[in-house]
Amino acid sequence: MIYQIYPRSFADSNGDGIGDLPGITAKLEYLSKLGVDAIWLSPFYRSPQADAGYDVADYRDVDPIFGELADFDSMLEKAHALGIRVIVDLVPNHSSDEHAWFQAALKSPAGSPERARYIFRDGRGAEGELPPNNWQSVFGGDAWTRPEGQRQWYLHLFDSKQPDFDWRNPEVLDEFEDVLRFWLDRGVDGFRVDVAHGMIKQKGLPDWDGSQAMVEGGNVGPMWDQDELHDIYRAWRKLLDEYDGDRMMVAEAWVKPQARLARYIRHDEMQQAFNFDYLLARWDANELKEVIDDSLAQSAQVGAPTTWVMSNHDGVRHTSRFGLSQPGARPKGINAAAEQPDEALGLRRARAAIHLTLALPGSAYLYQGEELGLPEHTTMEDRFRQDPAFFRTDGHEVGRDGCRVPLPWIAGAPSYGFGPSEASWLPQPESFARYAADLQERDAESTLSLYRRLLGLRREYGLGEGELEWLQSPRKDVLKLRNGAVTVLLNLGDEPIALPAGKPLAQSVAQPLEGELPGNAAVWLLG
Ligand code: GLC
Ligand code: CA
């Protein structure tokens, strides 16, 4: 199981309200006790933080807000000593506009080698006053910006502070091979490749009128999923294979259908890709079953493991999605004006859903805080918001801040123990007190205890390497399956269902089952 750490929000060691690397180091025992095999860290590199670090100004250094390289080394050493592998985020599609290369490009003339590392073009219109094409940014607005006093425009699929590299330029390739080596030499076990489906754009940059929604299950258009991308991953795989141990890559690629996604995990490319179809699946037995079958079939075609993920730092936490009246609907964010999720129902379903996720063969990815059952912050005041998506859409999109709120570690402490002070870069809702890790540590029925139990059993029964077999489901809204010795019953409906024979190993509800499994609940049975 791989656990995603969003460093800004995990643990703050010095009280400035921003999580940091020493904060992570201090919590590694907690992760080890949870049963984590590896951690994936969202970016901690030097960055003006225009997109929370996904705008990198120096790929080979730690941003002072997170610490320094020596802090990274100590974190890595301690993680390895605890048997936890470390995967870092690689952001190759774009840099920060404050990256030395982009600054040099701005100072260099059109057609210069400095500009050729990015995608600069002349505009359209008599004076070049219109963008070179009609592409839209994933965060809203035009995907092109014309810097003050300049003739040319540059492309940015995301924020204007995130200029896209030109991956057809060999210099970019060389630079990133060097960056990979930098971190591999330091001892990292792998990379999560950001926007892995976006680095190569169709030649000629043709106009495209489709929508640019990021969380609708797959980007399409001439800026996404181009075949030449795979040459890059083949080159990277060769490089990784030069190193000892199992160094790996996992793709963040919002492509559809799963057969296209499987191309990223062919035997000479990446080892894994996030399964966003699973993340986006509704609270619906049929839909879940279809997605699971499709995922397993497509990854089997290329001989790679499937992944299972329900939440990350880019979408509404699944506890809250499952608490909406259209459960599993795909909101872009939830604010105070929107329908408020039923928190108790959402949590109940999330506790049931993890029985499915962790029973499936493949790699499970958890997002920090889901082991506490944390909900989305759905009533955050706009004045606190930081996500560029909020600003670029004039607030039409709430953005992703609601899932990025700093974690509660100690119920009675300032910032709920996130750090030694009151400071927290995003406000924490009062409800976070109930979810604090220290309370859950002491409660055998807590979500934290449940996750620990399930992860222990998953390891004990080898479920990650096992095989899935669907069993005859007793009802349309119930999933029944077996993986080795473990039978899983997930009741997605509201009505109870008779419990089959077998010794309960784990269950999502606290009360004894007495012959039936209630609605929105799940159980693992032996036999
Ligand atoms: C990925 C990241 C997201 C970021 C975007 C631009 O989708 O997960 O957080 O905003 O890339 O780098
Ligand atoms: Ca800090």
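Any read-out appearing in this document is the output of simple, stated calculations on the displayed coordinates, not a laboratory observation. The structure presented is a predicted model; accordingly, all values stated were derived computationally and were not measured. As a convention, Cβ positions derive from the backbone with ideal geometry for all residues, glycine included, and neighbour counts pool all protein chains shown.
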* According to the Kirkwood expression over distinct Cα-Cα pairs, how big is the hydrodynamic radius of the chain, in Å? -> 23.8 Å
* Quote the charge dipole size of segment 448-527 about the Cα centre in Debye, to the nearest 20; the model charges only the Cβ of Lys and Arg (+1) and of Asp and Glu (-1). => 220 debye
* Asked: Using the 10 angstrom Cβ neighbour count as an exposure proxy, how do GLU376, GLU242 rank, fewest first?
  -> GLU242, GLU376
* Structure fact -> Those trypsin sites (Lys or Arg not before Pro) from segment 391-489 that are DSSP loop and have at most 16 other Cβ neighbours within 10 Å turn out to be ARG442, ARG475, LYS476
* Among the chymotrypsin sites (Phe, Trp or Tyr not before Pro) in segment 348-390, which ones are in a DSSP loop with at most 15 other Cβ atoms within 10 Å of the Cβ? Mind listing them? => none
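How would segment 192-343 be classified by its alpha-carbon gyration tensor: rounded, prolate or oblate, with rounded meaning a/c under 1.5 and the a/b versus b/c comparison settling the rest? Walk me through the intermediate numbers first.
Values: a/c = 2.08, a/b = 1.49, b/c = 1.39.
Note, shape of segment 192-343 comes out prolate.
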* For the pair ALA501 and ARG383, what calculated FRET efficiency results from E = 1/(1 + (r/R0)^6), where r is the Cβ-Cβ distance and R0 = 60 Å, to the nearest 0.05? -> 0.60
* Kindly identify segment 472-519 as rounded, prolate or oblate by the Cα gyration tensor criterion: order the square roots of the eigenvalues as a ≥ b ≥ c, call it rounded if a/c is under 1.5, otherwise compare a/b with b/c, prolate if a/b is larger, else oblate. => oblate
* Asked: Can you give the FRET efficiency for HIS80 and ASP268, using 1/(1 + (r/R0)^6), R0 = 30 Å, r = Cβ-Cβ distance, to the nearest 0.05?
  -> 0.65
* Starting from one equal scatterer on each C-alpha and no solvent at all, send me the Debye-based log10 I(q)/I(0) for segment 264-379 at q = 0.13 Å⁻¹, two decimals. => -0.50
* Sort LEU82, LEU345, LEU525 so that the residue with the fewest other Cβ atoms within 10 Å of its own Cβ comes first and the one with the most comes last. => LEU82, LEU345, LEU525
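Going through the cross-link list LYS332/LYS503; LYS201/LYS238; LYS161/LYS332; LYS33/LYS332, which pairs have a Cα-Cα distance over 30 Å in this structure?
Values: LYS332/LYS503 41 Å; LYS201/LYS238 23 Å; LYS161/LYS332 22 Å; LYS33/LYS332 33 Å.
With Cα atoms farther than 30 Å apart: LYS332/LYS503; LYS33/LYS332.
Just rank SER108, SER42, fewest to most, by other beta-carbon atoms within 10 angstrom. Don't skip to the answer; put the middle values down first.
Values: SER108 14, SER42 23.
The fewest-first ordering by Cβ neighbours comes to SER108, SER42.
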* To do: Determine the gain in length on full extension of the stretch GLU242-GLU339; use 0.36 nm per residue of separation and subtract their C-alpha separation, reporting nm with one decimal.
  => 29.7 nm
* Asked: Hey, got a sec? Which chymotrypsin sites (Phe, Trp or Tyr not before Pro) in segment 212-319 land in a DSSP loop and have at most 16 other Cβ atoms within 10 Å?
  -> TYR243
* Asked: How far is the Cα center of segment 284-308 from the Cα center of segment 380-440, in Å?
  -> 33 Å
* Structure fact -> Given backbone amide H placed at 1.01 Å from N, residues whose amide H is under 5 Å from that of ARG85, ignoring those fewer than 5 places away on the same chain, are ALA38, ILE39
* Interatomic Cα distance distribution for segment 204-268, bins of 5 angstrom, percent -> 3, 15, 23, 20, 17, 11, 7, 3, 1, 0
